[in-house]
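For reference, the structure is listed below as structure tokens.
What follows draws every value from the coordinates through simple rules; no lab data is involved. Values in this document were obtained by computation on a predicted structure and should not be read as measured data. Note that each Cβ is placed from the backbone with ideal geometry, even for glycine, and that neighbours are counted across all protein chains shown.
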Amino acid sequence: LGIIVFFSSNWLAYSFFNVPELSLIIKITAFGIPFGVFVSVFTGFFQGFKKMDKMSYTILASQIFRVASAAVFVWLGYKVVGAILGSSLAFVFGVMIGYLFFRKLDIKYTKAKFETFYEVFKFSIPTSISGLATVIFAFTDIFLIGKLMTPTAVGIYAAASPTARLTIAVAIAISATILPIVAEKRARNNEEKIKHHTYQSLFYFVLAAIPLMVVLWLAAPWILGTLFGPSYIAGLFAFRILVIGAFFISIHVVLAGSFQGIGWPSIPMYVIVTAAIVNLILNFWLIPLRGIEGAAIATTISSVIGGLASLGIFMVIRNKA
């Protein structure tokens, strides 16, 4: 996928977006795709071995590096290209951190068995669809901003978006922790423990997310103006709206770990696919009307739908259990 996008960059920039300046940005994005996949592979290993500290450190290190490097590149004058380059390099940094932790697992390699592969593959189909839908959901806004607006708007939004969504990193860490725990309780048919651990994961997420949201909301002018430059203050409204959306989609992320642990990966798949479709429709509608603010509103509305849908399904399952 990375190679295809890389060599299609000129066609996408000149023929699809009609913005030649996007060619380099697309190449940089394509460069980051395989590294992003490897970050997921490493964090998946840590999750399976219940090394949640290593998984959390890998995710947080990548996220912090993303914000810091984007700010440095923008400050050095690379503007849009700098913001995108920071995101791609964050995946490279995440691979390095993940590999260092992975080496410490001391894994013994064995011959693969087809039966094991088939069992994992069958379970992975809805999870893979969820992953694809998540990527579409995450990049619909910035993709359509690039199609419908200017490269400057892309740069402003690309600087605001990852910082505003820091709460998702917290949710991913908690989701990864809850999945193997719930799976273990499910194997023992302990429904009460499943509900208890899921409630605990939601509680600790809210406990961590709300103070973080307040800090991001209040510090938004400083984050955009000081880290990225005065011109990025134009993304203030979008930043604050995305902070709210990130909280709700994070609820879905936390509960997705519980659903997968129970053995129902199709539930988060249906939720995120629905949210992705809504996000696509709303972005097409609102970006021409409100620009990057419209993109933020569209993404936040679809995030609220995804978060509340997951919460509602969990409540129904809890009452039936």
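See the values below:
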{"read-out": "Cα-based shape type of the stretch 86-139, given that a ≥ b ≥ c are square roots of the gyration tensor eigenvalues and the cut on a/c is 1.5", "value": "oblate"}
{"read-out": "Neighbourhood net charge (13 Å Cβ-Cβ; Lys/Arg +1, Asp/Glu -1) for PHE139", "value": "+1"}
{"read-out": "Aspartates and glutamates whose Cα lies under 20 Å from that of LYS122, excluding same-chain neighbours fewer than 8 positions away", "value": "GLU184"}
{"read-out": "Highest-first arrangement of 34-45, 255-266, 6-17, where packing means the average Cβ count within 10 Å", "value": "255-266, 34-45, 6-17"}
{"read-out": "Out-of-range pairs (alpha-carbon distance over 20 Å; input LYS50/LYS104; LYS27/LYS79; LYS51/LYS111)", "value": "LYS51/LYS111"}
{"read-out": "Environment charge at HIS196 (Cβ cut-off 15 Å; Lys +1, Arg +1, Asp -1, Glu -1)", "value": "+3"}
{"read-out": "Among 196-202, 64-70, the order from most to least packed when residues are scored by Cβ within 10 Å on average", "value": "64-70, 196-202"}
{"read-out": "Cα centroid separation - the stretch 81-148 against the stretch 203-225, whole Å", "value": "26"}
{"read-out": "222 nm mean residue ellipticity, helices alone, for the chain (DSSP H n ≥ 4; -39,500 (n - 2.57); rounded to 500)", "value": "-29500 deg cm²/dmol"}
{"read-out": "Net charge dipole size for the chain [Lys, Arg +1 and Asp, Glu -1 on Cβ; Debye, nearest 20]", "value": "680"}
{"read-out": "Taking all pairs of distinct alpha-carbon atoms in the chain, Kirkwood radius in angstrom", "value": "20.4"}
{"read-out": "Under the span-like rule (Cα at least 27 Å along the axis, Kyte-Doolittle mean at least -1.0), DSSP H helices of the chain", "value": "22-48, 52-75, 79-103, 114-148, 166-187, 191-222, 236-262, 266-290, 292-320"}
{"read-out": "Percentage relative contact order, the chain, counting C-alpha pairs under 8 Å, at least six apart", "value": "19"}
{"read-out": "Principal axis box of the stretch 1-150, alpha-carbon based, largest edge first, Å", "value": "49, 33, 23"}
{"read-out": "Inter-centroid distance (Cα atoms) of the stretch 265-321 relative to the stretch 1-73, Å", "value": "23"}
